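Written out below as structure tokens is the structure these notes cover.
The values are calculated or read from the model by the stated rules, or taken from the named source; none is laboratory data. Please read these numbers as outputs of a predicted model, since none were measured by experiment. Please note: Cβ atoms are built from the backbone with ideal geometry, for glycine as well, and neighbour counts cover all protein chains shown. These area figures cover heavy atoms from the full protein model, side chains too; ligands, DNA and RNA do not enter into them. Shrake-Rupley method; radii C 1.70, N 1.55, O 1.52, S 1.80 Å.
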Amino acid sequence: MAIVIGSNFGYTVIAAVGITLQCFATAMGVNGARKKYNVKFPDNGGGRYSDKLSDEDWVAFNNIKRTSDNYLEQVGMVLVALVLAGLYQPKLAASFGATYMLGRFVYARGYVAGGADRRIYGAPVMGISFLAMVITAGYNAVITTILA
């Protein structure tokens, strides 16, 4: 069976664009934190500039930085899973993408406001959404190829 990209794939594209923009906004948050805490490049929170911060400011900067780093660590595989799932079930994949974005928002807000312990509220939502994208893509690939 051939995969035909229909007009509903636009929903998947919208979700992918949303995730990309959210990731970009998270990175811009790090730029704002660099200015606020005077942490210049190439310092990533453990160098000479950040050594001059108070403990409280160092933790605040690094919480913001880790939120962005974590997004960058995951965004590639999330977008691949989203697009692959969207080739088969675009609206379902887009709903998983939107749910992932919601989880990512809650994760980031919790991490920035209360440290690593508070990220737990968004992490399960992100994880389940990502897993749902992978399962949707994998299941449909097997159904349309191996079991066809």
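Springs between Cα atoms under 10 Å define the GNM used for the chain, and in it the highest mean-square fluctuation of 97, 47, 29 occurs at 47. For segment 11-148, the share of accessible area belonging to carbon and sulfur comes to 67 percent (1.4 Å probe, ligands and nucleic acids excluded). Residues in segment 135-148 carry Karplus couplings, in order, of 5, 4, 5, x, 4, 5, 5, 5, 4, 8, 10, 5, 9, 6 Hz; the curve used is 6.51 cos²θ - 1.76 cosθ + 1.60 with θ = phi - 60°, and Gly or Pro positions show x. Take the Cα of residue 56, go 7 Å toward its beta carbon, and the backbone nitrogen atoms of segment 99-117 under 18 Å from that spot belong to 112-116.
Sorting 54, 7 by accessible area puts them as 7, 54; the probe is 1.4 Å, largest comes first, and only protein heavy atoms count. Straight-distance candidates among the lysines for linking to residue 36, with alpha-carbon spacing under 26 Å and chain neighbours fewer than 8 residues away dropped: 52, 65. A simple spin-label model places pseudo-atoms 7 Å from Cα toward Cβ; at residue 77 and residue 95 they are separated by 2.5 nm. Normalised per residue, the accessible area of the chain is 58 Å², obtained with a 1.4 Å probe and no contribution from ligands, DNA or RNA. Computed from the Kirkwood radius of its Cα pairs, the Stokes-Einstein diffusion coefficient for segment 1-67 at 37 °C and 0.692 mPa s stands at 232 µm²/s. Once backbone amide H atoms are built at 1.01 Å from N, residue 45 has 50 as its partners under 5 Å, excluding neighbours fewer than 5 places away on the same chain. Scattering from the chain was approximated by placing one identical point on each alpha carbon and applying the Debye formula without solvent; log10 I(q)/I(0) at 0.08, 0.11, 0.14, 0.18 1/Å stands at -0.29, -0.49, -0.70, -0.95.
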